[in-house]
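The values are calculated or read from the model by the stated rules, or taken from the named source; none is laboratory data. Since we're looking at a predicted model, the values are computed, not measured. FYI the Cβ positions are ideal-geometry reconstructions off the backbone, even for glycines, and counts take in every protein chain you see. Just so you know, the surface numbers come from the protein's heavy atoms only, side chains and all, with ligands and any DNA or RNA stripped out. Shrake-Rupley method; radii C 1.70, N 1.55, O 1.52, S 1.80 Å.
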Amino acid sequence: MNLFDSLENINKQVPLAEILRPKTLDEYLGQSRVISENSPLYRLLHSNRLFSFIFWGPPGCGKTTLARLIAEKTDSYFLEISAVTSGIKEIKDAVETAKEQLRLGHKTLLFIDEIHRYNKTQQDALLPHLESGLLYLVGSTTENPSFQVIPALLSRVQVIQLRELDEEAMYKIIERGFKYLSSQYGPINVNKDVIEKIASFSRGDARIALNTVEACYFASDLKDNVRTLKIPMIEELVQKKITKYSEQEHYDCASAFQKSLRGSNKNAAIYYLAKMLVGGEDPRFIARRLIVCAAEDVSNADPQALQIAIAAFRAVEHLGMPEARIPLAQAVSYVADAPKSNKTCVAIDKAIYDIQNGLDFPPPAHLRDAHYKDAQKYGFGVGYIYTHDNPDAKQQFMPDELSDKNYFE
């Protein structure tokens with residue numbers, strides 16, 4: 001180690017979140033569904049069997065920690081790289097390390113953080129080594145692997161979904177943080193309201209929670225060698241909650257938004273509208289969803305809904321954000337409250353299905369175009385009754401083969 005490395009280590013301040021990272025499975029909190037005593041993963045680990053996994057979950061839910069605990073529990077050599085800063089070279093280096101560890105009698109667990117950042121070629125480079133058993137992969141991703149990971153790699157791993165940490169786990173983590181800091185730097189008075197406030201801000205992210213605990217501790221009032229932390233101090237330090245809005249949430253929120261409109265729940269619809277806007281969604285995308293819902297789910301039960309949705313789209317194009325939120329909210333309220341009918345949507349889909357599946361027939365002869373010279377010679381237009389001249393006259397409009405077909409039931 002040279003002088004510069006020594007100075008770097010001396011000056012390095014290890015974050016509280018890293019210091020308190022769980023060292024055993026018993027300390028691991030908040031994912032009992034995945035790592036409880038009766039879970040398949042727990043039983044696999046205690047049988048000392050190692051498999052390849054992709055952990056999919058939001059930031060701060062314990063993906064990296066769980067990977068490290070798996071390596072320790074299975075007595076595997078742990079090798080960690082990030083897809084943000086690595087590529088084919090680092091994968092090749094990891095393969096060479098795995099070969100050396102295999103010669104020493106050790107399994108290698110390669111942990112790739114943010115694996116969704118790898119392109120297809122980089123993901124392909126992992127396949128032969130997983131296939132041969134040279135190394136085991138644990139990838140972590142905040143994005144849905146179905147969208148971001150190639151099928152060939154997905155077929156070689158088990159995907160395990162981790163969720164945001166629940167309130168109980170968050171409270172324990174926050175209390176653990178304050179307890180550690182108190183033991184190192186002196187006592188602090190922390191009440192239940194403070195813990196709940198930090199947990200609420202952190203939204204199931206242990207890293208945010210512990211970073212907030214650390215900042216609040218050192219910013220708290222010190223009197224007679226005892227620190228005191230109050231709610232206004234937290235609100236001043238944490239001025240704005242971080243909004244999580246990934247590609248997965250883009251699809252999930254759009255789906256929930258349209259289903260809430262269809263279900264006439266305008267409170268839920270306005271909530272998902274707000275969530276999409278705060279997350280940075282293109283308001284034109286939201287307006288297009290509104291138009292689709294007005295046509296598909298309201299339709300002729302209230303034709304005005306479609307006009308209002310189209311007007312909202314035009315207003316969005318003219319106004320932009322933040323003013324566009326107002327016409328969008330107005331249209332959301334109207335479409336959600338409007339009576340619902342999907343008859344026209346069902347009718348057109350049935351007709352398209354019939355045509356695509358063999359029921360593709362020409363119009364009856366009397367309805368065909370007869371404006372050209374030889375049309376009557378073929379019988380086209382012969383017998384057609386002009387409806388305005390004789391509104392009560394009966395004539396067939398459907399093709400002969402579908403004369404009794406009813407698409408609007």
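A few remarks follow.
- Computed over protein heavy atoms with a 1.4 angstrom probe, the accessible surface ordering of PHE397, PHE111, largest first, is PHE397, PHE111.
- Per-residue SASA entry for ILE355, accessible area with 1.4 Å probe, Å² rounded to 10: 90
- By the rule of a C-alpha distance below 29 Å, with chain neighbours fewer than 8 residues away ignored, the lysines paired with LYS107 are LYS23, LYS63, LYS73, LYS89, LYS92, LYS99, LYS120.
- When the convex hull of its Cα atoms is viewed from all sides, the range 143-239 shows a mean projected area of 8.0 nm².
- Computed from the Cα positions only, the extents of the chain along the three principal axes stand at 100, 59, 44 Å, in decreasing order.
- Net charge of the neighbourhood of ALA83, taken over other residues with C-beta under 12 Å away and scored Lys/Arg +1, Asp/Glu -1, is -4.
- When all protein chains stay in place and ligands, DNA and RNA are ignored, the 1.4 Å accessible-area order of ASP113, ASP392, largest first, is ASP392, ASP113.
- For the range 16-122, the fraction of C-alpha pairs more than 17 angstrom apart is 58%.
- Taking all protein chains into account, the per residue accessible area for the range 316-392 stands at 71 Å² (1.4 Å probe).
- For a straight C-alpha distance cut-off of 27 angstrom, the lysines reachable from LYS377 (same-chain residues fewer than eight places away being disregarded) are LYS394.
- Rounded accessible area of GLU196 (nearest 10 Å², 1.4 Å probe): 70
- The chain, helix-only ellipticity at 222 nm - DSSP H runs n ≥ 4, -39,500 (n - 2.57), divided by all residues, nearest 500: -14500 deg cm²/dmol
- Sum of side-chain charges, ALA294 neighbourhood, beta-carbon under 15 Å (Lys, Arg +1; Asp, Glu -1): +4
- Taken over the range 35-82, the alpha-carbon convex hull comes to 86 cubic angstrom per residue.
- Partners for LYS230 among lysines (Cα-Cα distance below 27 Å; same-chain residues under 8 apart left out): LYS172, LYS179, LYS192, LYS197, LYS240, LYS241, LYS244
- Between 0 and 90°, nearest 10: helix 283-293 axis offset from the chain longest Cα axis: 50
- Accessible-area value, LYS172, 1.4 Å probe, nucleic acids and ligands omitted, Å²: 100
- Relative contact order of the chain: 11 percent, from C-alpha pairs under 8 Å at least 6 residues apart in sequence.
- The C-alpha radius of gyration of the range 253-298, expressed as a fraction of 2.2 N^0.38 Å, stands at 1.03.
- DSSP assigns beta bridges within the chain; of those with both partners inside it, close to 15 percent run antiparallel.
- A 1.4 Å probe run over the protein chains yields, for the range 139-216, 49 Å² of accessible area per residue, whole-number rounding.
- Intensity falloff of the range 273-409 expressed as log10 I(q)/I(0), Debye formula with alpha-carbon point scatterers, at q = 0.12, 0.15, 0.20, 0.22 Å⁻¹: -0.71, -0.84, -1.08, -1.19
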